[in-house]
Structures are given as structure tokens and as C-alpha cells.
């Protein structure tokens with residue numbers, strides 16, 4: 001019995017598209033509806049931007065107050081209202097890129113993907129090397145991918161472009177003043193893995209399983225508890241490449257992690273183990 005391989009490629013991608021969207025919303029939730037790790041990343045990104053800009057001694061107290069009100073807003077709806085009002089009133093502000101990033105995070109909380117992408121584009125127009133934006137959007141696109149969307153191929157191209165550029169930019173990043181060497185190294189490692197994870201999902205969506213395997217192995221190597229979605233897709237990739245023993249290993253690792261794919265991964269491991277002797 002073949003759990004995943006028996007599907008045609010298009011049907012497989014549709015099936016997993018539904019599952020991967022569920023994977024995002026099934027992560028541990030905190031107050032504003034985002035995952036705990038996502039909320040921490042958002043806070044750190046905004047805090048970094050805010051502390052850097054504070055040093056510029058903005059001479060407009062109204063603009064300064066408007067940005068602080070936006071920065072402190074903890075409800076997505078309020079943040080969206082304040083952010084859009086700020087950009088309209090202060091279109092040339094030194095704070096505009098940080099406001100765009102904050103809006104992107106708020107739209108992410110609401111799963112408003114269209115506005116996530118548009119605010120990310122605006123933020124990158126102001127700061128093309130913003131690794132947080134590049135890796136976040138590069139990762140989101142293939143997870144919420146809809147093959148019936150006429151823009152789907154273009155979005156996958158965008159995710160690939162952003163993720164590859166992030167991998168190129170990360171080693172050249174200057175260390176933020178508020179991070180020590182260990183924190184900076186950890187941030188770069190996590191960002192790099194996130195970019196490889198995104199590329200793995202992009203190539204999976206396209207049916208390029210060999211390329212997907214390479215990227216997902218980069219994303220998961222050496223981690224005690226890798227992202228469950230990465231292992232789930234890695235198992236499917238390997239199964240489609242007739243590498244059943246490797247697929248069984250990926251599914252087994254996935255099945256040891258609590259989450260939305262745990263049962264599917266256990267089933268996948270059993271099926272791959274049965275297929276392995278037949279492929280010799």
C-alpha cells in the first residue's frame with residue numbers, strides 16, 4: 001500500500017497544500033493568534049528596528065508619538081489602522097520600513113496573505129536586504145500555496161527569489177547592537193534554515209523532488225526537533241524518488257514529533273518500510 005506515491009503529482013500537491021495550511025494554524029498559539037516563536041521573532045524584528053531608529057533623533061514629536069503608538073499596539077486590527085494612518089500621514093518617514101514590517105506581521109496574524117505580500121514588497125522596496133521579511137514571506141508562500149490560484153506560479157517564483165537572496169545576504173549581515181555573538185549566530189542559523197525550508201517547499205510544489213530533498217536536508221540537519229512539516233514533505237520527496245529506506249527514516253523522525261502530521265508520518269514510515277525490500 002502506497003500512502004502518498006499512489007497519487008498523481010497534481011493531486012498530491014493539492015492534498016498536501018491543504019495539510020500544510022493546517023500546519024501553520026496548528027502551532028502553539030499565544031494571545032494574538034500567532035505562534036509563540038513567530039511572536040518572538042516579530043517582537044525582536046520590530047524592537048531592533050525601533051532602537052536603531054531612535055538614535056536618529058527625530059525632530060518631529062508628532063511623528064515620533066505616532067510611531068510609538070503603532071509600535072506598542074498589540075491587537076492586529078489596531079496595528080493595521082494605526083500603521084496605514086501613519087504611512088498616509090508620513091510617507092517619507094524614517095520609520096516607514098519598520099511600519100511596513102509591523103503591518104506585515106499584523107496581516108500575518110489575520111492570515112491575510114494578499115496584504116502580507118503587498119506590505120512585504122513595500123518594506124523590501126525601502127530595505128531590500130531585510131532578512132526577516134525575505135525569510136518570512138519566502139516561507140509563508142509555499143505553505144499556503146493554492147494550485148488553483150492563477151498567481152500561484154508567480155508567487156512560487158517570488159518565494160524562491162526571496163529565499164535564495166536571504167541565503168546570500170545572511171552571512172554579510174552586521175551584528176545588531178542588542179545581540180551578543182551567540183544570539184547573532186543563532187539568529188543567522190535559524191534564518192538560513194528557514195530559507196532552505198522555504199526552498200524545499202517551493203521545489204516540492206513544482207514536483208522537483210530531488211531539489212526539494214537537498215534543501216530540506218539543509219533545513220533539518222543536526223536538529224533534535226526539526227520542523228515537522230519539513231520532515232513530512234522530505235518523506236514524500238524521498239518516496240517519490242524511490243528512496244524508500246530514506247523515506248522511512250524521515251517519516252519516523254516526523255512521527256516522533258507531536259503535531260498535525262504525527263499519525264500520517266507513522267503511516268508513511270510503515271508504508272515506506274514495506275516498500276523498501278520491493279525496490280531492491
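The values are calculated or read from the model by the stated rules, or taken from the named source; none is laboratory data. Since the model is a prediction, treat every value here as computed from it, not as a measurement. Every residue, glycine among them, receives a Cβ derived from its backbone with ideal geometry; neighbour counts consider all protein chains shown.
If you go through the range 168-193 and keep only what is crowded, with 18+ Cβ neighbours inside 10 Å and modelled with pLDDT under 95, you end up with 187, 191.
Report yes if residue 176 is under 27 Å from residue 152 (Cβ atoms), in a loop (DSSP other than H, G, I, E, B) and either touching a residue at least 24 places away in the same chain (Cβ under 8 Å) or in contact with a helix residue (DSSP H, G or I) (Cβ under 7 Å, 6 or more places away or on another chain) (or both), otherwise no. Here the answer is no, as residue 176 does not meet what is asked.
Residues in the range 213-261 that are closer than 22 Å to residue 167 by Cα, in contact with a helix residue (DSSP H, G or I) (Cβ under 6 Å, 6 or more places away or on another chain) and not in a loop (DSSP other than H, G, I, E, B): 213, 215, 216, 218, 219, 220, 228, 229, 230, 231, 233, 234. Only residues that are closer than 30 Å to residue 59 by Cβ and in contact (Cβ under 8 Å) with a residue 40 or more places away in the chain were counted in the range 92-130, giving 8.
Taking the conditions exactly as written (within 14 Å of the chain's Cα centre (by Cα), assigned to a helix (DSSP H, G or I) and modelled with pLDDT under 95), does residue 108 satisfy them or not? Spelling it out, residue 108 is indeed within 14 Å of the chain's Cα centre (by Cα), assigned to a helix (DSSP H, G or I) and modelled with pLDDT under 95.
Can you confirm whether residue 197 is part of a helix (DSSP H, G or I) and closer than 19 Å to residue 101 by Cα? Answer is no for this residue. Each residue in the range 60-83 was checked for being assigned to a helix (DSSP H, G or I) and touching a helix residue (DSSP H, G or I) at 6+ places or on another chain (Cβ under 7 Å), and 10 pass. Output yes when any residue across the range 243-252 is crowded, with 17+ Cβ neighbours inside 10 Å and closer than 25 Å to residue 135 by Cα, and no when none is. So far as the range 243-252 goes, yes, one or more of its residues are crowded, with 17+ Cβ neighbours inside 10 Å and closer than 25 Å to residue 135 by Cα.
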